[in-house]
Amino acid sequence: VKRRILLLAGGQSGEHEVSLMSARSVLAALPRDQFDVTPVVISPQGRWLPPTETARALETGRAQGGGDLVLHRAASAEGYDAVFPLLHGPMGEDGTVQGLLTLAGIPFVGSGVLGSAVSMDKVMTKQVLASAGIPQVAWRLAVRREWQDRPGEVGARARELGFPLFVKPANLGSSVGITKVSRPEELQAALDLAFNLDRRVILEAMTAHKPRELEVGILGNDAPLASPVGELRFDAEFYDYETKYTEGRATMHIPAPLPPEVAERVRSLALTAFRALDCAGLARVDFFYVEETDQLLLNEVNTMPGFTTTSMYPKLFEAAGLSYSELVTRLVELALERR
Ligand code: ATP
Ligand code: MG
Ligand code: MG
Ligand code: MG
(Lines give C-alpha, C1' and ligand atoms only; values in the text may rest on other atoms or scores of the structure.)
(Ligands and ions follow the chains in the order given, each with its own letter.)
Protein backbone atom coordinates (compact mmCIF):
# COMPACT_ATOMS: atom_id res chain seq x y z
CA VAL A 1 0.00 0.00 0.00
CA LYS A 2 1.27 3.46 -0.96
CA ARG A 3 2.21 6.03 1.66
CA ARG A 4 0.32 9.29 1.34
CA ILE A 5 2.77 12.19 1.62
CA LEU A 6 2.00 15.87 1.97
CA LEU A 7 4.85 17.96 0.56
CA LEU A 8 4.88 21.52 1.89
CA ALA A 9 6.82 24.15 -0.06
CA GLY A 10 7.24 27.88 -0.47
CA GLY A 11 6.40 29.53 2.80
CA GLN A 12 6.57 32.98 4.29
CA SER A 13 10.31 33.49 4.71
CA GLY A 14 12.90 35.19 2.52
CA GLU A 15 13.76 31.69 1.26
CA HIS A 16 10.38 31.10 -0.43
CA GLU A 17 11.84 30.73 -3.95
CA VAL A 18 14.64 28.45 -2.77
CA SER A 19 12.04 26.16 -1.20
CA LEU A 20 10.06 25.96 -4.46
CA MET A 21 13.22 24.88 -6.30
CA SER A 22 13.91 22.18 -3.70
CA ALA A 23 10.30 20.98 -3.83
CA ARG A 24 10.34 20.48 -7.59
CA SER A 25 13.28 18.11 -7.23
CA VAL A 26 11.78 16.15 -4.32
CA LEU A 27 8.42 15.87 -6.07
CA ALA A 28 10.07 14.37 -9.13
CA ALA A 29 12.17 11.97 -7.08
CA LEU A 30 9.76 10.36 -4.58
CA PRO A 31 9.15 6.92 -6.13
CA ARG A 32 5.55 6.79 -7.37
CA ASP A 33 5.21 3.07 -6.72
CA GLN A 34 5.74 3.74 -3.01
CA PHE A 35 4.32 7.20 -2.47
CA ASP A 36 1.22 9.14 -3.32
CA VAL A 37 2.43 12.74 -3.07
CA THR A 38 0.28 15.84 -2.67
CA PRO A 39 2.19 19.10 -2.92
CA VAL A 40 0.85 22.21 -1.23
CA VAL A 41 2.55 25.53 -1.83
CA ILE A 42 2.32 28.13 0.93
CA SER A 43 2.25 31.67 -0.43
CA PRO A 44 4.49 34.44 0.94
CA GLN A 45 1.34 35.71 2.70
CA GLY A 46 0.86 32.38 4.41
CA ARG A 47 -2.03 31.03 2.30
CA TRP A 48 -2.00 27.28 1.67
CA LEU A 49 -2.80 27.17 -2.04
CA PRO A 50 -5.38 24.78 -3.54
CA PRO A 51 -4.18 22.21 -6.16
CA THR A 52 -4.44 24.34 -9.32
CA GLU A 53 -2.63 27.31 -7.76
CA THR A 54 -0.07 24.97 -6.21
CA ALA A 55 0.69 23.40 -9.58
CA ARG A 56 1.04 26.82 -11.16
CA ALA A 57 3.34 28.03 -8.38
CA LEU A 58 5.60 24.99 -8.77
CA GLU A 59 5.73 25.53 -12.50
CA THR A 60 6.35 29.27 -12.55
CA GLY A 61 8.14 29.73 -9.21
CA ARG A 62 5.59 32.37 -8.23
CA ALA A 63 2.92 31.64 -5.63
CA GLN A 64 -0.26 33.62 -6.13
CA GLY A 65 -3.83 33.24 -5.04
CA GLY A 66 -5.96 32.49 -2.06
CA GLY A 67 -6.48 29.54 0.18
CA ASP A 68 -6.69 28.81 3.87
CA LEU A 69 -4.26 30.22 6.39
CA VAL A 70 -3.65 26.65 7.45
CA LEU A 71 -5.05 23.86 5.32
CA HIS A 72 -7.57 22.14 7.59
CA ARG A 73 -6.97 18.72 6.13
CA ALA A 74 -3.22 19.17 6.63
CA ALA A 75 -3.64 20.15 10.24
CA SER A 76 -5.28 16.87 11.10
CA ALA A 77 -3.97 13.32 11.06
CA GLU A 78 -6.56 12.44 8.41
CA GLY A 79 -5.45 12.00 4.86
CA TYR A 80 -1.68 11.71 5.16
CA ASP A 81 0.82 9.23 6.51
CA ALA A 82 3.63 11.76 6.70
CA VAL A 83 4.47 15.36 5.88
CA PHE A 84 7.64 16.59 4.19
CA PRO A 85 7.91 20.22 5.31
CA LEU A 86 10.38 21.35 2.68
CA LEU A 87 10.36 24.89 4.00
CA HIS A 88 13.39 27.03 4.75
CA GLY A 89 13.63 29.85 7.27
CA PRO A 90 11.07 31.22 9.74
CA MET A 91 7.49 29.84 9.63
CA GLY A 92 8.71 26.50 8.35
CA GLU A 93 12.20 25.50 9.46
CA ASP A 94 11.87 27.07 12.90
CA GLY A 95 9.50 24.76 14.80
CA THR A 96 6.22 26.52 13.94
CA VAL A 97 5.03 24.05 11.30
CA GLN A 98 6.61 21.25 13.33
CA GLY A 99 4.41 22.26 16.29
CA LEU A 100 1.28 22.19 14.15
CA LEU A 101 2.11 18.72 12.83
CA THR A 102 3.01 17.44 16.28
CA LEU A 103 -0.37 18.57 17.60
CA ALA A 104 -2.07 16.92 14.65
CA GLY A 105 -0.21 13.68 15.30
CA ILE A 106 1.25 13.39 11.80
CA PRO A 107 4.83 12.13 11.41
CA PHE A 108 7.03 14.53 9.51
CA VAL A 109 10.49 14.68 7.97
CA GLY A 110 13.19 16.42 9.97
CA SER A 111 13.70 17.87 13.41
CA GLY A 112 10.92 18.40 15.91
CA VAL A 113 9.92 21.65 17.61
CA LEU A 114 12.96 21.90 19.88
CA GLY A 115 15.67 21.02 17.38
CA SER A 116 14.11 23.18 14.67
CA ALA A 117 13.62 26.25 16.86
CA VAL A 118 17.02 26.17 18.51
CA SER A 119 18.89 25.47 15.27
CA MET A 120 17.04 28.23 13.41
CA ASP A 121 18.14 30.88 15.90
CA LYS A 122 21.86 31.50 15.49
CA VAL A 123 22.20 32.86 19.03
CA MET A 124 20.46 29.93 20.70
CA THR A 125 22.51 27.56 18.55
CA LYS A 126 25.75 29.22 19.65
CA GLN A 127 24.75 29.04 23.31
CA VAL A 128 23.83 25.36 23.19
CA LEU A 129 26.90 24.40 21.14
CA ALA A 130 29.22 26.40 23.42
CA SER A 131 27.98 24.36 26.35
CA ALA A 132 28.73 21.22 24.32
CA GLY A 133 32.33 22.43 23.93
CA ILE A 134 32.12 23.14 20.19
CA PRO A 135 34.50 25.84 18.88
CA GLN A 136 32.79 28.89 17.30
CA VAL A 137 33.56 32.54 16.50
CA ALA A 138 32.99 35.22 19.17
CA TRP A 139 29.54 36.77 18.95
CA ARG A 140 27.08 39.25 20.55
CA LEU A 141 23.27 39.44 20.55
CA ALA A 142 21.27 42.63 19.96
CA VAL A 143 17.49 42.99 19.98
CA ARG A 144 15.57 45.54 17.91
CA ARG A 145 14.43 47.64 20.87
CA GLU A 146 18.05 48.12 22.00
CA TRP A 147 19.01 49.28 18.52
CA GLN A 148 16.12 51.78 18.54
CA ASP A 149 16.61 53.08 22.09
CA ARG A 150 20.34 52.66 22.78
CA PRO A 151 22.21 52.39 19.45
CA GLY A 152 25.47 53.40 21.15
CA GLU A 153 25.37 50.25 23.26
CA VAL A 154 24.91 48.04 20.22
CA GLY A 155 27.77 49.86 18.48
CA ALA A 156 30.00 49.24 21.50
CA ARG A 157 29.22 45.53 21.34
CA ALA A 158 30.29 45.52 17.70
CA ARG A 159 33.56 47.28 18.49
CA GLU A 160 34.34 44.64 21.12
CA LEU A 161 34.39 42.10 18.30
CA GLY A 162 36.47 44.27 15.97
CA PHE A 163 36.25 44.71 12.19
CA PRO A 164 35.48 43.13 9.83
CA LEU A 165 32.48 41.52 11.46
CA PHE A 166 29.28 39.90 10.22
CA VAL A 167 25.80 41.21 11.02
CA LYS A 168 23.01 38.65 10.56
CA PRO A 169 19.31 38.30 11.31
CA ALA A 170 19.34 35.59 13.99
CA ASN A 171 16.60 33.58 12.24
CA LEU A 172 17.05 33.34 8.50
CA GLY A 173 19.03 31.58 5.79
CA SER A 174 20.39 31.79 2.23
CA SER A 175 22.48 34.75 3.47
CA VAL A 176 19.38 36.97 3.30
CA GLY A 177 20.01 40.13 5.34
CA ILE A 178 23.67 39.34 6.08
CA THR A 179 26.35 42.02 5.74
CA LYS A 180 30.08 41.80 6.10
CA VAL A 181 30.94 45.05 7.87
CA SER A 182 34.50 46.16 7.17
CA ARG A 183 34.40 49.63 8.77
CA PRO A 184 32.44 51.26 11.63
CA GLU A 185 30.68 53.60 9.15
CA GLU A 186 28.97 50.60 7.54
CA LEU A 187 27.51 49.30 10.78
CA GLN A 188 24.32 51.36 10.82
CA ALA A 189 23.10 50.23 7.40
CA ALA A 190 23.92 46.61 8.22
CA LEU A 191 21.99 46.71 11.49
CA ASP A 192 19.02 48.51 9.89
CA LEU A 193 18.86 45.81 7.21
CA ALA A 194 19.06 42.92 9.67
CA PHE A 195 16.54 44.43 12.09
CA ASN A 196 14.10 44.88 9.23
CA LEU A 197 14.05 41.10 8.93
CA ASP A 198 14.29 39.98 12.55
CA ARG A 199 13.78 41.18 16.12
CA ARG A 200 17.02 39.43 17.06
CA VAL A 201 20.34 40.11 15.38
CA ILE A 202 23.68 38.40 15.87
CA LEU A 203 27.02 40.16 15.51
CA GLU A 204 29.83 37.76 14.72
CA ALA A 205 33.57 38.20 14.73
CA MET A 206 35.06 37.28 11.42
CA THR A 207 37.46 34.34 11.38
CA ALA A 208 41.13 35.43 11.63
CA HIS A 209 41.65 34.80 7.89
CA LYS A 210 39.21 34.20 5.05
CA PRO A 211 38.10 30.68 5.96
CA ARG A 212 37.62 27.60 3.84
CA GLU A 213 33.94 26.62 3.96
CA LEU A 214 33.15 23.02 4.75
CA GLU A 215 29.75 21.35 4.98
CA VAL A 216 28.74 17.93 6.18
CA GLY A 217 25.40 16.13 6.02
CA ILE A 218 23.87 14.22 8.91
CA LEU A 219 21.21 11.56 8.34
CA GLY A 220 19.34 9.59 11.01
CA ASN A 221 17.44 9.94 14.23
CA ASP A 222 19.05 8.70 17.43
CA ALA A 223 21.86 6.83 15.63
CA PRO A 224 22.81 9.49 13.05
CA LEU A 225 25.44 9.07 10.33
CA ALA A 226 27.75 11.74 8.91
CA SER A 227 28.38 12.08 5.17
CA PRO A 228 31.76 12.79 3.61
CA VAL A 229 32.85 16.43 4.01
CA GLY A 230 32.20 18.85 1.15
CA GLU A 231 33.79 22.20 0.39
CA LEU A 232 32.44 25.30 -1.33
CA ARG A 233 34.74 27.54 -3.30
CA PHE A 234 33.75 30.86 -4.81
CA ASP A 235 35.18 34.18 -5.81
CA ALA A 236 33.35 36.65 -3.57
CA GLU A 237 33.78 38.50 -0.27
CA PHE A 238 31.59 35.86 1.34
CA TYR A 239 29.04 33.22 0.38
CA ASP A 240 26.16 35.64 -0.24
CA TYR A 241 22.73 35.04 -1.86
CA GLU A 242 23.92 35.78 -5.38
CA THR A 243 26.94 33.53 -5.09
CA LYS A 244 24.74 30.76 -3.68
CA TYR A 245 22.09 30.81 -6.38
CA THR A 246 23.74 32.12 -9.55
CA GLU A 247 24.75 29.21 -11.73
CA GLY A 248 28.49 28.81 -11.94
CA ARG A 249 29.46 31.21 -9.15
CA ALA A 250 30.42 28.54 -6.64
CA THR A 251 31.90 25.09 -7.02
CA MET A 252 31.38 22.08 -4.80
CA HIS A 253 34.23 19.75 -3.96
CA ILE A 254 33.27 16.35 -2.60
CA PRO A 255 35.16 15.05 -0.75
CA ALA A 256 36.91 18.23 0.35
CA PRO A 257 40.67 17.95 -0.12
CA LEU A 258 41.61 17.79 3.56
CA PRO A 259 43.93 15.80 5.77
CA PRO A 260 41.87 12.79 6.89
CA GLU A 261 42.27 13.87 10.50
CA VAL A 262 40.60 17.25 9.80
CA ALA A 263 37.71 15.61 7.92
CA GLU A 264 37.21 13.25 10.83
CA ARG A 265 37.11 16.20 13.25
CA VAL A 266 34.45 17.88 11.10
CA ARG A 267 32.27 14.79 11.08
CA SER A 268 32.63 14.19 14.77
CA LEU A 269 31.87 17.83 15.71
CA ALA A 270 28.82 17.76 13.40
CA LEU A 271 27.45 14.63 15.07
CA THR A 272 28.00 16.17 18.52
CA ALA A 273 26.14 19.30 17.39
CA PHE A 274 23.25 17.28 15.89
CA ARG A 275 22.78 15.48 19.20
CA ALA A 276 23.26 18.59 21.38
CA LEU A 277 20.54 20.42 19.40
CA ASP A 278 18.17 17.43 19.44
CA CYS A 279 17.99 17.33 15.66
CA ALA A 280 16.28 14.47 13.83
CA GLY A 281 16.15 13.12 10.29
CA LEU A 282 18.59 15.42 8.59
CA ALA A 283 20.79 18.45 9.00
CA ARG A 284 23.59 20.15 7.12
CA VAL A 285 26.27 21.40 9.45
CA ASP A 286 28.46 24.24 8.14
CA PHE A 287 32.03 24.92 9.27
CA PHE A 288 34.82 27.42 8.79
CA TYR A 289 38.30 25.99 8.48
CA VAL A 290 41.11 28.47 9.03
CA GLU A 291 43.97 26.71 7.36
CA GLU A 292 46.63 29.12 8.64
CA THR A 293 45.90 28.17 12.25
CA ASP A 294 44.34 24.72 11.69
CA GLN A 295 41.22 26.06 13.40
CA LEU A 296 37.86 24.42 12.85
CA LEU A 297 34.85 26.56 13.84
CA LEU A 298 31.24 25.46 13.59
CA ASN A 299 29.25 28.16 11.77
CA GLU A 300 25.66 26.90 11.83
CA VAL A 301 23.25 24.00 11.57
CA ASN A 302 20.53 23.93 8.88
CA THR A 303 17.69 21.56 9.75
CA MET A 304 16.10 21.79 6.29
CA PRO A 305 19.02 22.43 3.94
CA GLY A 306 18.68 23.30 0.24
CA PHE A 307 17.35 20.21 -1.49
CA THR A 308 17.57 20.47 -5.27
CA THR A 309 19.32 17.59 -7.04
CA THR A 310 22.44 19.78 -7.27
CA SER A 311 22.37 21.03 -3.65
CA MET A 312 25.19 20.18 -1.29
CA TYR A 313 23.22 17.95 1.11
CA PRO A 314 21.98 15.40 -1.46
CA LYS A 315 25.35 15.52 -3.25
CA LEU A 316 27.14 14.62 -0.01
CA PHE A 317 25.01 11.50 0.42
CA GLU A 318 25.29 10.65 -3.25
CA ALA A 319 29.05 10.53 -2.62
CA ALA A 320 28.28 8.12 0.21
CA GLY A 321 26.39 5.86 -2.21
CA LEU A 322 22.81 6.99 -1.62
CA SER A 323 20.99 8.29 -4.72
CA TYR A 324 18.70 11.32 -4.50
CA SER A 325 15.53 9.23 -4.64
CA GLU A 326 16.92 6.71 -2.11
CA LEU A 327 17.71 9.66 0.15
CA VAL A 328 14.20 11.16 0.08
CA THR A 329 12.73 7.70 0.63
CA ARG A 330 15.03 7.19 3.63
CA LEU A 331 13.95 10.55 5.07
CA VAL A 332 10.29 9.52 4.96
CA GLU A 333 11.17 6.19 6.62
CA LEU A 334 13.02 8.08 9.36
CA ALA A 335 9.94 10.26 9.88
CA LEU A 336 7.70 7.20 10.28
CA GLU A 337 10.24 5.52 12.57
CA ARG A 338 10.06 8.45 15.00
CA ARG A 339 6.37 8.09 15.82
P1 ATP B 1 22.44 29.07 4.78
O2 ATP B 1 21.94 29.41 3.41
O3 ATP B 1 23.57 28.10 4.73
O4 ATP B 1 21.37 28.73 5.74
P5 ATP B 1 22.79 31.53 6.38
O6 ATP B 1 21.93 32.57 5.76
O7 ATP B 1 22.26 30.85 7.59
O8 ATP B 1 23.19 30.44 5.28
P9 ATP B 1 25.54 31.84 7.33
O10 ATP B 1 25.90 30.47 6.91
O11 ATP B 1 25.55 32.11 8.79
O12 ATP B 1 24.15 32.29 6.69
O13 ATP B 1 26.53 32.87 6.65
C14 ATP B 1 26.58 32.99 5.24
C15 ATP B 1 27.99 33.12 4.74
O16 ATP B 1 28.63 34.31 5.29
C17 ATP B 1 28.93 32.01 5.16
O18 ATP B 1 28.79 30.89 4.33
C19 ATP B 1 30.29 32.70 5.03
O20 ATP B 1 30.66 32.84 3.66
C21 ATP B 1 30.00 34.08 5.56
N22 ATP B 1 30.22 34.20 7.02
C23 ATP B 1 29.23 34.20 7.93
N24 ATP B 1 29.70 34.34 9.18
C25 ATP B 1 31.04 34.45 9.06
C26 ATP B 1 32.09 34.63 10.01
N27 ATP B 1 31.86 34.77 11.31
N28 ATP B 1 33.38 34.68 9.53
C29 ATP B 1 33.63 34.56 8.20
N30 ATP B 1 32.66 34.38 7.26
C31 ATP B 1 31.38 34.35 7.67
MG1 MG C 1 21.68 28.85 7.74
MG1 MG D 1 19.58 27.60 5.86
MG1 MG E 1 25.21 28.76 5.95
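The values are calculated or read from the model by the stated rules, or taken from the named source; none is laboratory data. It should be emphasised that the depicted structure is a prediction, and the values quoted were computed from it without experimental measurement. No Cβ is skipped: glycine too gets one built from the backbone with ideal geometry, and neighbour counts run over all protein chains shown. Surface accessibility is based on the protein's heavy atoms, side chains included, excluding ligands, DNA and RNA. Shrake-Rupley method; radii C 1.70, N 1.55, O 1.52, S 1.80 Å.
Some points to look at:
- Positive dipole terminus of the chain, leading residue within 156, 329, 136 (C-beta point charges): 329
- Measuring with a 1.4 angstrom probe and ignoring ligands and nucleic acids, residue 150 comes out at about 100 Å² accessible.
- Most simply put, the chain has about 75% antiparallel DSSP beta bridges, counting only bridges with both residues inside it.
- 1.4 Å probe accessible area per residue over the chain, in Å²: 43 Å²
- Furthest towards positive pole of dipole, 100, 110, 216, structure part the chain, Cβ charges: 100
- Directionally averaged projected area (segment 176-224, Cα convex hull): 5.7 nm².
- Sequence of 182, 131 from largest to smallest accessible area, 1.4 Å probe: 131, 182
- Dipole magnitude (debye, nearest 20) for segment 227-322, charges at Cβ of Lys, Arg, Asp, Glu: 420 debye
- Signed unit charges on C-beta, dipole axis of segment 127-243, positive-most listed residue 176, 232, 203: 203
- Distance from segment 41-105 to segment 301-333 (C-alpha centre basis), Å: 21 Å
- Taking the chain as the region of interest, the number of lysine pairs whose Cα atoms are within less than 23 Å, with members eight or more places apart or on different chains, is 14.
- Among the protein heavy atoms of segment 139-205, carbon and sulfur supply 48% of the accessible surface, probe 1.4 Å, non-protein parts ignored.
- Pairwise FRET efficiency - residue 278 versus residue 189, Cβ, R0 = 45 Å, nearest 0.05: 0.80
- With contacts taken as Cα pairs under 8 Å and at least 6 residues apart, the chain reaches a relative contact order of 19 percent.
- Long-range amide H partners of residue 220 with built H, under 5 Å: 225, 281, 282
- DSSP bridge pairs, segment 3-108: antiparallel proportion in percent, nearest 5: 15 percent
- Where labels lie 7 Å past Cα in the beta-carbon direction, separation of residue 264 and residue 221 in nm: 3.1 nm
- Summary value for segment 3-108: 34 percent relative contact order, contacts being C-alpha pairs under 8 angstrom separated by 6+ residues.
- Highest-fluctuation residue, 266, 229, 137 considered, GNM on the chain with Cα pairs under 10 Å: 137
- Principal semi-axes in Å for segment 139-205 [√(5λ), Cα gyration tensor, largest first]: 15, 14, 10
- Rounded percent of accessible protein surface that carbon and sulfur make up, segment 3-108, 1.4 Å probe: 53 percent
- Using a Förster distance of 25 Å, the FRET efficiency for residue 291-residue 241 (Cβ separation, nearest 0.05): 0.45
- For segment 47-137, a simple Cβ point-charge model (Lys and Arg +1, Asp and Glu -1, everything else neutral) yields a dipole of about 220 debye relative to the Cα centre.
- Ratio Rg/Rh, restricted to segment 195-339 and using Cα atoms, in which Rh is the Kirkwood radius: 0.97
- Value at 222 nm in deg cm²/dmol, rounded to 500, when DSSP H runs of n ≥ 4 in the chain each add -39,500 (n - 2.57): -10500 deg cm²/dmol
- Cα centre as origin, Lys/Arg/Asp/Glu Cβ charges: the chain dipole, Debye: 520 debye
- Taking all Cα-Cα distances within the chain, those exceeding 35 Å account for 20%.
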